[in-house]
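See structure below.
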Amino acid sequence: MFSKLSNRTLLILMALLGAIVAWTYFSENKKSESNYREQFVTVDTASVKEIYIYPKAAPGEEIKFFKSGDSWRVTNGKEESPVESQTISSLFSSFANLKTKSLAATSNEQWENFLVGDTSANRIKFVTSSGTTDIMVGKFAFNNDTRSASTYVRLRNEKEVYLVDGFLSFTINQPFDSWRNRSLIRKGDQQWTKITFSYPGDSSFAILRDSTTWLLRGDTAYTGETFVNDISFLNGTHFAARPSLPAAPLYRISIDGMNMNPVTIDFFPAGIEDKFYVKSSLNPETIFTDKDGAISSKLLRPSSYFTSKPESK
């Protein structure tokens, strides 16, 4: 009888244990289902006041974007700089409407597998008047069959890890200087009509647009349109540390056109290593160095550059 009782008790205990395991499994699955986000986040970009990025490329650095009037600025706590509107638009485009592709993990034990832990992830925060969207951005996955990229992400106050579209980690894993306004020239849809080269002595000259042809002193400037195409979207690369500039530039390029404010690019003497300091009226707060000659080689052309007739092929 004792043996029968023991067997019966054992069966009851096994049944109870099975029920507990089944209930736990069912509860966890229901919990995961209830927490599943078909839409990972939706950011109301019109109401965003501030953006914070904590990139792994610059450990310990907080990069803050904030609105100043109709424009955006960026600071790392030491320096402050304007941001191009296209940079913010691209950032919003990447994060504003993230749809979930799949649920990758449901517990913090799995965070490091996807690089979404508190110390392993890149992090971005969008702050609005109604709240904050705080996203941990992890590693990316590339599908060779569909030629598409995805990124593992997690909301900072949640355990679940999701897979969403995009190279999001590459988008935000950038140091402070990468976010600053680098623009020197932006042509857009404007029609340039005159470009003046102000050089020392009597070497100054200008090229003028006559219908579809560029002219130099009344003669055809054969490489005028090539020059315009080469400089129509020109950036600086190396930021200068707020040097003291002389009152007048050594060289100046002035661009005039229809329905636009004139744009001037000034070259100031610098040390041997930096060659020139360069400043554009399009981005007046920022001064660049030209240590690699990339800016001066494109802009500081002699008049002979425009009079040389291209060889016929």
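Considering only C-alpha atoms, what is the centroid distance from the stretch 191-238 to the stretch 80-119, in Å?
Measuring centre to centre over Cα atoms gives 44 Å.
Evaluate E = 1/(1 + (r/R0)^6) for SER107 and THR307, where r is the Cβ-Cβ distance and R0 equals 51 Å; express this FRET efficiency to the nearest 0.05.
Efficiency, rounded to the nearest 0.05: 0.10.
Mind checking the dipole of the chain: about its Cα centre, +1 per Lys or Arg Cβ, -1 per Asp or Glu Cβ, Debye to the nearest 20?
My answer is approximately 620 debye.
With each pseudo-label sitting 7 Å past Cα toward Cβ, what's the SER89-ASN143 distance in nm, one decimal?
2.9 nm
What is the gain in length, in nm to one decimal, between ASP118 and ASP44 on full extension, counting 0.36 nm per residue of separation less the C-alpha to C-alpha distance?
24.1 nm
Quick check for you: with a 1.4 Å probe and neighbouring chains kept, what is the accessible area per residue of the stretch 120-259, in Å²?
50 Å²
What whole-number volume per residue, in cubic angstrom, does the convex hull of the C-alpha atoms of the chain give?
That works out to 222 Å³ per residue.
Once neighbouring chains are kept in place and the probe is 1.4 Å, which whole percent of the accessible area of the chain is contributed by carbon and sulfur?
The C+S portion of the solvent-accessible surface of the chain is 51 percent.
In terms of modelled amide H atoms, which long-range or inter-chain residues lie less than 5 Å from the amide H of LEU282?
Residues meeting the amide H criterion: THR264.
Using θ = phi - 60° and the Karplus curve 6.51 cos²θ - 1.76 cosθ + 1.60, what whole-Hz ³J(HN,Hα) does each residue of the stretch 255-265 get, with Gly and Pro shown as x?
10, 10, x, 7, 6, 8, 7, x, 10, 10, 10
Using the Karplus curve 6.51 cos²θ - 1.76 cosθ + 1.60 with θ = phi - 60°, work out ³J(HN,Hα) for each residue of the stretch 183-188 in order, rounded to whole Hz, and write x for Gly and Pro.
6, 10, 9, 9, 7, x
Give a residue-ordered list of calculated ³J(HN,Hα) values for the stretch 168-178 (Karplus: 6.51 cos²θ - 1.76 cosθ + 1.60, θ = phi - 60°; whole Hz; x for Gly, Pro).
Rounded to whole hertz, the list is 5, 5, 5, 5, 9, 7, 10, x, 4, 4, 5.
Output the DSSP H helices from the chain with an along-axis C-alpha extent of no less than 24 Å and a mean Kyte-Doolittle hydropathy no less than -1.0.
2-35
The values are calculated or read from the model by the stated rules, or taken from the named source; none is laboratory data. Remember, it's a predicted structure, so these values are computed and weren't measured experimentally. Here Cβ is always computed from backbone atoms with ideal geometry, including for glycine, and neighbour counts include all displayed protein chains. Heavy atoms of the whole protein, side chains included, go into the accessibility calculation; ligands, DNA and RNA do not. Shrake-Rupley method; radii C 1.70, N 1.55, O 1.52, S 1.80 Å.
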